[in-house]
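Peer 1: I have a structure here, written as structure tokens, and I will follow up with some questions on it.
The values are calculated or read from the model by the stated rules, or taken from the named source; none is laboratory data. The shown structure was predicted, so the numbers you read here are calculated from the model rather than taken from an experiment. Methodologically, a virtual Cβ is constructed for each residue, glycine included, from the backbone with ideal geometry; neighbour enumeration extends over all protein chains shown.
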Amino acid sequence: MIRRWPKAPALPSWVFDLAPVGLAGLDTWLNARHNTPYELGAAAVATLALLLRRYFPLTVLAITLPSLVISQSVVPALIALYTVGFRYRNRWLLTGCAAAVALGYATPWPPMLEVSHDDALLGLIYATMTAAAPVFLGMLTRTGQELSARIDEIERAREQERRLIEQTTLSRERTQLAREMHDVVSHQVSLIAVSAGALQVGAPDAGTKEAASTIRELSVKTLDELRHMVTLLRASGSQPTELTPQPTLAELDRLVTTSGIPVERDGELPGDLGAPQQRAIYRTVQEALTNARKHAPGARVTIHIGHTAAEVEVTVVNGRPVLPTLSLPSARHGLVGLRERAELLGGTFEAGPTPGGGYRVRLRLPLAAD
């Protein structure tokens, strides 16, 4: 299980909006004695512009650049640059914004005609490092939030998978118990009832007939109770719940729609498929979509359905992952169960990676299987 540090209490959003403004205002106030009124005005405009940094990060960064050049107030531009690094992924855009801040930081004010090469080089190095820090910090913060969201999603998926496994195991045990009660216990009780009836008819005395009649009545009542229990067990073992949708093709469109990933589907299934074939196809598509969401986030999934007079084929292919993935342990029980289900129906099941870095699942079932 993934262990994480406990989350700190969430602060109101206005705290994160006003804290940078207060920090920039403090920077302006500390440099007030070194700035002219014109420079103070530019610094104040840059500071107030930070209130809109969440909505117009690039515009706010452009507003802070004049203050960065003409005054000693550096904090507003660095905060605006951090917001740009957090909001955008384009490396060329981030490089250009960082270069603009570095150039504004390295430009002397008022302009100096004579600057030694060593001083200019040192100033450029310091300016580059100063501008790169907020960009990388913004990217790091964004990556941390995305990673935290992915971990939460994985934990929810694993918890749901665990509950599905528990329900599947319970359903299998109930079905097996119902089968044993029907095939073994009910058969033996039926033999007892038949034998008791024969004894009742051919008994030589009234006491034996009465005992045989009692045994027969009890056997019949027991058979009725057994049939009732078998019905309940099978119903509770196969009744759909909110975690296990009814495994029929009638729910296949809903499964695809609610999968949360982009899916393309082509082809149609024959209309005379039996319940076992429908369940096998449904479970195959369900498992393939679940694996694509866990192991190939952001990838597009294609479902191809085809059939001939002899067999039906369902192929599910996902592309390579688009978003960052996490390495997760997997026992591949789902694929093993799908292969066993296909073999029981006389079909075949194949699963494996594609040359492009994706994954393919293919199910073939004979139409004559029942």
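Peer 1: Restricting the search to segment 292-324, which residues are surrounded by 14 or more Cβ atoms within 10 Å (Cβ to Cβ), modelled with pLDDT under 85 and over 27 Å from residue 169 (Cβ atoms)?
Peer 2: 296, 297, 298
Peer 1: Considering only helices (runs of 4 or more DSSP H) fully contained in segment 1-79, which possess at least 3 residues that are at pLDDT 80 or above?
Peer 2: Hits in segment 1-79: 37-49, 57-70.
Peer 1: Identify the residue in segment 344-370 that is over 25 Å from residue 294 (Cβ atoms) and surrounded by fewer than 14 Cβ atoms within 10 Å (Cβ to Cβ) and, among all such residues, is modelled with the highest pLDDT.
Peer 2: This residue is 346.
Peer 1: What residue, of 261, 281, is closer than 19 Å to residue 341 by Cα and either of a type outside the set (Asp, Glu) or in contact with a helix residue (DSSP H, G or I) (Cβ under 8 Å, 6 or more places away or on another chain) (or both)?
Peer 2: 281
Peer 1: Considering only segment 34-82, state which residues are surrounded by fewer than 23 Cβ atoms within 10 Å (Cβ to Cβ) and either among the hydroxyl-bearing types (Ser, Thr, Tyr) or not assigned by TED's automatic domain parsing to the domain that holds residue 17 (or both).
Peer 2: Within segment 34-82, 36, 38, 55, 59, 82 qualify.
Peer 1: Any residue in segment 125-139 that's touching a residue at least 12 places away in the same chain (Cβ under 8 Å) and more than 16 Å from residue 106 (Cα to Cα): show its pairings with residues that are part of a helix (DSSP H, G or I) and of a type in the set (S, T, N, Q) at Cβ separation under 7 Å, as long as the two are six or more apart or on different chains.
Peer 2: Going by the 7 Å Cβ cut-off, the qualifying pairs are 138/83.
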